[in-house]
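What follows is a short report on a single structure.
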Amino acid sequence: MEAMCAAAAAASEAGSPWFFNPCLVLSEAPRWVEGVWITLHLTALALVFGFVLALPMACARAARAPVVDTLVRGYVYVFRGSPLLVQLFLIYYGLAQFGFVRDSLLWPVLRDAWWCCLIAFTLNSAAYQTEILRGALVATAKGDREACAALGMSPWLAARRVLIPGALRRALPQLGNETVFMLHGSAIASLVTIQDILGVGRLVNGRYYVVYEGLLTAAALYMALTWLVVWGVARLERRYLRHLAR
Amino acid sequence: MEALIGAGPLLLQGFWVTVSVAVLALALASVLGALAAAARLGGGPVGRGAAAAYSTVVRGIPDLVTILIIYFAGQRLVNALAGAVGLEGVDVSAYAAGVLAIGFIYGAYLAETFRGAWLAVPRGQIEAGVALGLSRSRLLWRIAAPQLMRHALPGYANVWQVLVKSTAVVSVIGLSDLVGLALKVGRRERDPFTFMLAVLVAYLLITAVSGWALARAEKRLARGT
């Protein structure tokens, strides 16, 4: 291993532009594992918290609740209409300038880049998931509602037992897309010092003065995770959307 | 606030950089998308394989990573090639790399849009054109293209909206776009919040205006249906 790495380093120093030194990647293995964990952790938490925020907002929009509907529409419009990076910068660089933020109890949270990422990603994902869930709720078959009414279900019971489970099934493919979108979007966390997959890639590049090793490894890891998500969603679809299978 | 107004002309420059990167990238993406769709539909096994690989790779990697790879690895390759033929190293411009990368990424998405639109044109119409003895190019322009545009526009509009937002990351490779300039000046003026908020509003403006224009175009192309 050592000898191989020395040979690789020599070839690399000779300046072959095509050369990819796997030793640089392998020698940082623990960092890569850590990076994958940070990416997955951030993405998963943002999706889950986003979902928790999105579900009531989607119900309010689907039910056309007065005032709330308008507010939620505004929220969704702002967060879907602007880049995630700008939202992150607004929270990470922007909030810190206000004295009342620095004096507040939340400052230990807002000072931390990781939390800023989680907040930005959650708010962003909540907006996208609201739209997805709203569409799925609105698409509920008329017969479903009528059956609920005929059985004397209260609106809350109908929502819990029939309307929301049905909507979640219909939303499954788009929620899968949102998962991939968030996984990819989370790469910008590396721009605010987080050592996620891309962060480690850039660190490796910087430390060894190389170009390909860090970035291509990061790309390969993201691709593998994307395939994992796509495969997982396909499995879920096979299970929960069996009635639509061709 | 005064700092923001004072920086107005500079930010306007950044705004134009952002918009021009987006528009040029869309043009490149359209060309690449059309090529990939054509390869996918009738390119033989090699063409189909290449188009499928293009789409899989691009969709699997975050935009930011693709942009960094194209910029840094592209620089390295260009230098190596220049060195091989005995020239001095050339600087790859961040602007060109940004346009290239974003066009490359969204070409893969447009390929799907174009392919779907082509498949949505009823076969009978193409056959009718052939039966009338139209040449290939006339068939394409007079029969297929108007319907292609109609079917492709909703997807095209979608891709444009996503593409515009993805231009925010080009500041990472040192381009003085709206985000990069606003962050730099905002931090210097100790007021990044106001500057970033202005950027957010600018992006909302772009998406709103282009959304409105595209909805109109959609209506126009769909007239008579």
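Could you identify the single residue in B:LEU134, B:LEU204, B:LEU197, B:LEU139 that is of a type in the set (A, V, I, L, M), under 16 Å from A:LEU85 (Cβ atoms) and over 24 Å from the mean Cα position of the chain (by Cα)? After ruling out the rest, the residue left standing is B:LEU197. The set of residues in segment A:198-219 that are more than 9 Å from every other protein chain (Cβ to nearest Cβ) and not in a loop (DSSP other than H, G, I, E, B) comprises A:GLY199, A:VAL200, A:LEU203, A:VAL204, A:GLY206, A:ARG207, A:TYR208, A:GLU213, A:GLY214, A:THR217.
If you check B:LEU175 against the conditions, is it modelled with pLDDT of 90 or more, touching a helix residue (DSSP H, G or I) at 6+ places or on another chain (Cβ under 7 Å) and either within 14 Å of chain A (Cβ to nearest Cβ) or not in a helix (DSSP H, G or I) (or both)? Here the answer is no, as B:LEU175 does not meet what is asked.
The residues of segment B:125-169 that are closer than 25 Å to B:ALA29 by Cβ and small (Gly, Ala, Ser), listed by number, are B:SER137, B:ALA144, B:ALA145, B:ALA152, B:GLY155, B:ALA157, B:SER166, B:ALA168. Among the residues of segment A:182-197, those that are part of a helix (DSSP H, G or I) and more than 9 Å from every other protein chain (Cβ to nearest Cβ) comprise A:MET182, A:ALA189, A:VAL192. On the stretch given as segment A:172-193, residues that are crowded, with 19+ Cβ neighbours inside 10 Å, closer than 17 Å to A:ALA126 by Cβ and free of Cβ contacts under 8 Å to residues at least 24 places away in the same chain total 0. As for segment A:136-152, it holds at least one residue that is outside any helix (DSSP H, G or I), more than 14 Å from chain B (Cβ to nearest Cβ) and β-branched (Val, Ile, Thr). The set of residues in segment A:127-171 being surrounded by fewer than 17 Cβ atoms within 10 Å (Cβ to Cβ) and either out of contact with any helix residue (DSSP H, G or I) (no Cβ under 9 Å at 6 or more places or on another chain) or hydroxyl-bearing (Ser, Thr, Tyr) (or both) consists of A:LYS142, A:GLY143, A:GLU146, A:ALA150, A:GLY152, A:SER154, A:TRP156, A:ARG160, A:PRO165.
Residues are listed down the side, and each one gets a yes or a no for (1) buried (at least 19 other Cβ atoms within 10 Å of the Cβ); (2) within 24 Å of A:PHE121 (Cβ to Cβ):
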site: A:GLY199; (1), (2): yes, yes
site: A:LEU203; (1), (2): no, yes
site: A:ARG207; (1), (2): no, no
site: A:ARG235; (1), (2): no, no
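Pairs linking a residue in segment B:178-195 that is more than 7 Å from chain A (Cβ to nearest Cβ) to a residue that is buried (at least 19 other Cβ atoms within 10 Å of the Cβ) and hydroxyl-bearing (Ser, Thr, Tyr), with Cβ atoms under 6 Å and 6 or more positions apart or on different chains, are B:LEU178/B:THR18; B:GLY180/B:SER171.
Is there a residue in segment B:30-40 that is crowded, with 17+ Cβ neighbours inside 10 Å and among the basic types (Lys, Arg)? Scanning segment B:30-40 turns up at least one residue that is crowded, with 17+ Cβ neighbours inside 10 Å and among the basic types (Lys, Arg). Within segment B:113-127, the only residue that satisfies the criterion of being small (Gly, Ala, Ser) and without any contact (Cβ under 8 Å) to a residue 12 or more places away in the chain is B:GLY124.
Taking each residue of segment B:74-90 that is more than 10 Å from chain A (Cβ to nearest Cβ) and looking for partners that are surrounded by 13 or more Cβ atoms within 10 Å (Cβ to Cβ) and assigned to a helix (DSSP H, G or I) with beta-carbon atoms closer than 8 Å, six or more apart or interchain, yields B:GLU88/B:ALA82; B:GLY89/B:VAL78; B:GLY89/B:ASN79; B:GLY89/B:ALA82; B:GLY89/B:GLY83; B:VAL90/B:VAL78; B:VAL90/B:ASN79; B:VAL90/B:ALA82. Scanning segment B:53-73 for residues that are within 8 Å of chain A (Cβ to nearest Cβ) and more than 15 Å from B:ALA108 (Cβ to Cβ) gives B:LEU64, B:LEU68, B:PHE72, B:ALA73.
The values are calculated or read from the model by the stated rules, or taken from the named source; none is laboratory data. Predicted, not measured: the structure shown is a model, and the values here were computed from it. Positions of Cβ are generated from backbone atoms using ideal geometry, with glycine treated the same way; all protein chains shown enter the neighbour counts.
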